[in-house]
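The values are calculated or read from the model by the stated rules, or taken from the named source; none is laboratory data. In this text, all values refer to a predicted model and were calculated from it rather than measured experimentally. No Cβ is skipped: glycine too gets one built from the backbone with ideal geometry, and neighbour counts run over all protein chains shown. What goes into the accessible areas is simple: the full protein's heavy atoms, side chains included, and nothing from ligands, DNA or RNA. Shrake-Rupley method; radii C 1.70, N 1.55, O 1.52, S 1.80 Å.
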Amino acid sequence: GWIPMLPEAASAELVEAMVSHIDCFSQQQNVQVSLIKDIHCAFPDDYLGRIEHHGYERLFSLPTVIIETDYKSFDDYTLSLTKNARKHSRKVLKAAHERFEFEIIEDYADYIEQIYPLFRGTFLKAKYQFDEAVPRFFLECARSREPQTELILCRKNGLIVGALINFFDDQEQLNKRIGIDYNQE
């Protein structure tokens, strides 16, 4: 996905330093293969060149969920789906709204302390633990303007039981991080 970099720090040199750090850490841990996953198609070519300079190769992976956002409304998006996909979407949304409350939060920096344990729990439960995001990561996501981010909270009886962070711009949305309270049914 989008690799968030502060605008004043974004540079090919920063990418070079990041990859050098990954290589050094991998050697310390006796890692035989390391990867930088899900690089967005808009990632600058000169930045990619810095990664490839370290011996990394471009490979295809399982697809990231990308939703086109060039629609005036959610209903317009739904109408673009196939008949079966619309039916399935309506069924899932109805079931979800009967059990949960959802809230979209654009300025979510104040929620990080509450949601971080959910994201950490999801990381710890994962079969393959690719990367663990620290609270500072979520803070920088909340501050990001290119791409923008939003938090979708899922509550059950007023208690936060799930969270999702989306990255988006005018053209697409990436569902980037999910956190779940696995103590809840």
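Report the extension gain between Asp170 and Leu6 in nm, rounded to one decimal, defined as 0.36 nm multiplied by the number of residues separating them, less their alpha carbon distance.
Details: separation 164, 0.36 × 164 = 59.04 nm, distance 1.98 nm.
Here the answer is 57.1 nm.
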Computed accessible area, Arg177, all protein chains, 1.4 angstrom probe, square angstrom: 50
statement: Per the C-alpha gyration tensor (a ≥ b ≥ c, the square roots of its eigenvalues), region 125-164 is rounded if a/c is under 1.5, else prolate if a/b beats b/c, else oblate; here it's oblate
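Per residue, how much accessible surface does the chain expose to a 1.4 Å probe? Answer in Å², no decimals.
Numbers: 13280 Å² over 185 residues.
Per residue, the chain has 72 Å² of solvent-accessible surface.
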message: Using helices alone, I'd like the mean residue ellipticity at 222 nm for the chain: each DSSP H run of four-plus residues gives -39500 (n - 2.57), total over residue count, nearest 500.
response: -12000 deg cm²/dmol
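Give me the percent of accessible area attributable to carbon and sulfur for region 69-160, probe 1.4 angstrom.
Values: 3570 of 6860 Å².
In region 69-160, the share of accessible area belonging to carbon and sulfur is 52 percent.
Taking a ≥ b ≥ c as the square roots of the Cα gyration tensor eigenvalues, with a/c under 1.5 meaning rounded and otherwise prolate when a/b beats b/c, else oblate, which class fits region 43-185? Intermediate results must be reported in sequence, preceding the final value.
Details: a/c = 1.70, a/b = 1.22, b/c = 1.40.
Oblate is the answer for region 43-185, as a/c is 1.5 or above yet b/c matches or exceeds a/b.
Between Gln129 and Glu98, how high is the FRET efficiency from 1/(1 + (r/R0)^6) when r is the Cβ-Cβ distance and R₀ = 30 Å? Nearest 0.05. Don't jump to the answer; show the numbers that get you there.
Numbers: r = 33 Å, r/R0 = 1.11.
According to the calculation, E is roughly 0.35.
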- request: Would you please name the GluC sites (Glu not before Pro) within region 6-99 that are DSSP coil residues with at most 11 other C-beta atoms within 10 Å of their C-beta?
  value: Glu8, Glu57
field: Descending semi-axes in Å of region 10-61, equivalent ellipsoid built from Cα gyration tensor
entry: 19, 14, 8
